[in-house]
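Notes for the one structure printed next.
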Amino acid sequence: SPAGMLLSVLVILLLSVLYEAVKMGKAVLLQRALLALPRSLSQEALGERQEEDSRDSRDSRDPSPAQGRWFWFHVAQTLFHVLQVVLGYMVMLAVMSYNAWIFLGAIAGSTLGYFM
């Protein structure tokens, strides 16, 4: 029916917009994660830390707050990636129905999502 087809195209359009939004959110999260990297990961700090470790025999298993923040950024990035893959495959599966209107809905949604 025409109403069902219109609803299908609209759903695919919204899925494509959501796919682009998740892709952008993942990029923003990556940028924030890189800014949250602990300073100990720089080459200079690694050299300093090795010297400190050889002098100091304390147990270094306690993660610093920066390492904990980095871990949670990585978990969030993983979830965003899974969501992006699932949405991408759903849109691809819809496009593989070889329906021109569905295809145009996916293209329009992707264009609109990227523009936004």
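The values are calculated or read from the model by the stated rules, or taken from the named source; none is laboratory data. For clarity, every value in this text was computed on a predicted model and none was experimentally measured. We place every Cβ from the backbone using ideal geometry, glycine too, and count neighbours over all the protein chains shown. The accessibility values were calculated without ligands, DNA or RNA, using every heavy atom of the protein model including side chains. Shrake-Rupley method; radii C 1.70, N 1.55, O 1.52, S 1.80 Å.
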>> Among the listed residues 76, 66, 45, 21, identify the single one that is modelled with pLDDT under 90, under 14 Å from the mean Cα position of the chain (by Cα) and either in a loop (DSSP other than H, G, I, E, B) or of a type in the set (Gly, Ala, Ser) (or both).
In response: 76
> Filtering the stretch 93-105 down to residues that are of a type in the set (Phe, Trp, Tyr) and touching a helix residue (DSSP H, G or I) at 6+ places or on another chain (Cβ under 8 Å), which residue is least open to solvent (accessible area, probe 1.4 Å)?
Replying inline: 103
>> Residues that are open to solvent by 90 Å² or more (accessible area, probe 1.4 Å) and of a type outside the set (A, V, I, L, M, F, W, C): does the stretch 84-92 have at least one?
In response: yes
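Is it the case that the stretch 25-33 has a residue that's open to solvent by 100 Å² or more (accessible area, probe 1.4 Å) and at pLDDT below 95? Before you say what the answer is, go through the steps one by one.
To start, the set of residues in the stretch 25-33 that are open to solvent by 100 Å² or more (accessible area, probe 1.4 Å) comprises 31-32.
Restricting the remaining residues to those that are at pLDDT below 95 gives 31-32.
Yes: the stretch 25-33 contains one or more residues that are open to solvent by 100 Å² or more (accessible area, probe 1.4 Å) and at pLDDT below 95.
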>> With the structure loaded, tell me whether residue 108 is surrounded by 14 or more Cβ atoms within 10 Å (Cβ to Cβ), at pLDDT below 85, small (Gly, Ala, Ser) and assigned to a helix (DSSP H, G or I) or whether it fails that test.
In response: no
